[in-house]
1. Name the helices (runs of 4 or more DSSP H) wholly inside segment A:6-117 in which the number of residues that are of a type in the set (Gly, Ala, Ser) and within 12 Å of the chain's Cα centre (by Cα) is 2 or more.
2. Taking segment B:84-117 as the search range and keeping residues that are charged (D, E, K, R) and without any contact (Cβ under 8 Å) to a residue 24 or more places away in the chain, which one is farthest from the other protein chains (Cβ to nearest Cβ)?
3. Being surrounded by fewer than 21 Cβ atoms within 10 Å (Cβ to Cβ) and more than 26 Å from residue B:4 (Cβ to Cβ): is that true of residue A:65 here?
4. Across segment A:74-117, which residue is farthest from residue B:93 (Cα to Cα) among those that are surrounded by 10 or more Cβ atoms within 10 Å (Cβ to Cβ) and acidic (Asp, Glu)?
5. Considering segment A:1-45 alone, what residues qualify as being surrounded by 17 or more Cβ atoms within 10 Å (Cβ to Cβ), without any contact (Cβ under 8 Å) to a residue 12 or more places away in the chain and more than 7 Å from chain B (Cβ to nearest Cβ)?
6. Of all residues in segment A:47-62 being more than 24 Å from residue A:20 (Cβ to Cβ) and surrounded by fewer than 17 Cβ atoms within 10 Å (Cβ to Cβ), which is modelled with the lowest pLDDT?
Number of protein chains: 2
Amino acid sequence: MSHRKLDIASLRPYCPYYAAAFDSIGRRWAATVLRALLGGATRFGDIATAVPGMTDKLLSQRLKDLEADGLVERQVQPTTPVRIEYRLTEKGAELGKVLLALNEWALEWIELPAEAG
Amino acid sequence: MSHRKLDIASLRPYCPYYAAAFDSIGRRWAATVLRALLGGATRFGDIATAVPGMTDKLLSQRLKDLEADGLVERQVQPTTPVRIEYRLTEKGAELGKVLLALNEWALEWIELPAEAG
C-alpha cells in the first residue's frame with residue numbers, strides 16, 4: 001500500500017483512482033451519510049434523522065453501496081432484539097478525515113441561501 | 001470568515017455547509033474537472049482531454065456550474081485570436097488542497113478493476 005504525497009507542481013491532470021473515488025462518494029447523499037457515521041450515528045434511524053430529506057429507501061440503498069465500496073460495515077449485535085449497527089471501516093474512517101477537512105473548507109467558503117441560514 | 005477546526009468527538013451528524021458543498025462537487029465530473037484545473041489545464045480542449053469520456057457539452061455545462069459556484073473563473077485573454085482560460089478562484093484553489101488529500105486517500109485505498117489497471 002503506497003503513501004504517495006501528491007505535489008501540485010507535478011500533478012497529472014487525470015487520476016483514475018481519484019475518479020473512482022468520486023464515483024462512489026459523489027453519489028447523491030453518500031458523503032452526507034458518511035458524515036453522519038463519522039459524527040457517531042450507528043443506527044439506521046439515527047442516520048435517517050441526521051440526513052434531512054432522504055427517504056429510508058434511498059438510505060438503505062446508499063448504505064448497501066457504501067458497504068460494497070468497503071467504506072461502511074454492517075454489524076449485527078446479538079442482543080434481543082438484534083440490533084443492527086453501521087460503522088465506518090478503516091478505509092471509511094481514513095476517508096472521513098478528508099471529509100472533515102472538506103467540511104472545514106465548506107464552513108469557511110460556502111454561503112447558504114438566506115432561507116437556510 | 002471563520003477558521004473553525006472540526007473535532008470528531010463533538011461533531012454534529014449533519015452540517016448544511018458540508019451538504020451544500022457536496023451538492024456542488026458531487027455533480028458528475030465536477031470533481032474531475034476541478035482536478036484537471038488543479039493539475040494545470042487552463043484551456044477547454046486541455047480539460048476535455050484530461051477528463052476521458054466526458055462530452056464537450058457536459059464539460060461546458062460543468063464549467064458554468066463551477067463558475068456559478070465561485071470555484072472557477074473564466075478569463076478572456078486579449079490575444080488574437082482571443083484565448084479563453086479557466087482558472088481556479090481562491091475558493092477553488094483552497095478546495096483543491098482538500099481534493100488533493102482525497103486523491104492521496106484514493107491512491108492508498110481504491111482498487112481499480114483489472115481492466116482499468
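The values are calculated or read from the model by the stated rules, or taken from the named source; none is laboratory data. Predicted model only: the values in this text are computed from it and were never measured. Note: ideal-geometry Cβ built from the backbone for every residue, glycine included; neighbour counts use all protein chains shown.
1. Correct list: A:16-25, A:30-38, A:90-109.
2. B:115
3. yes
4. Filtering first and then ranking leaves A:85.
5. Residues satisfying the conditions do not exist here.
6. A:52
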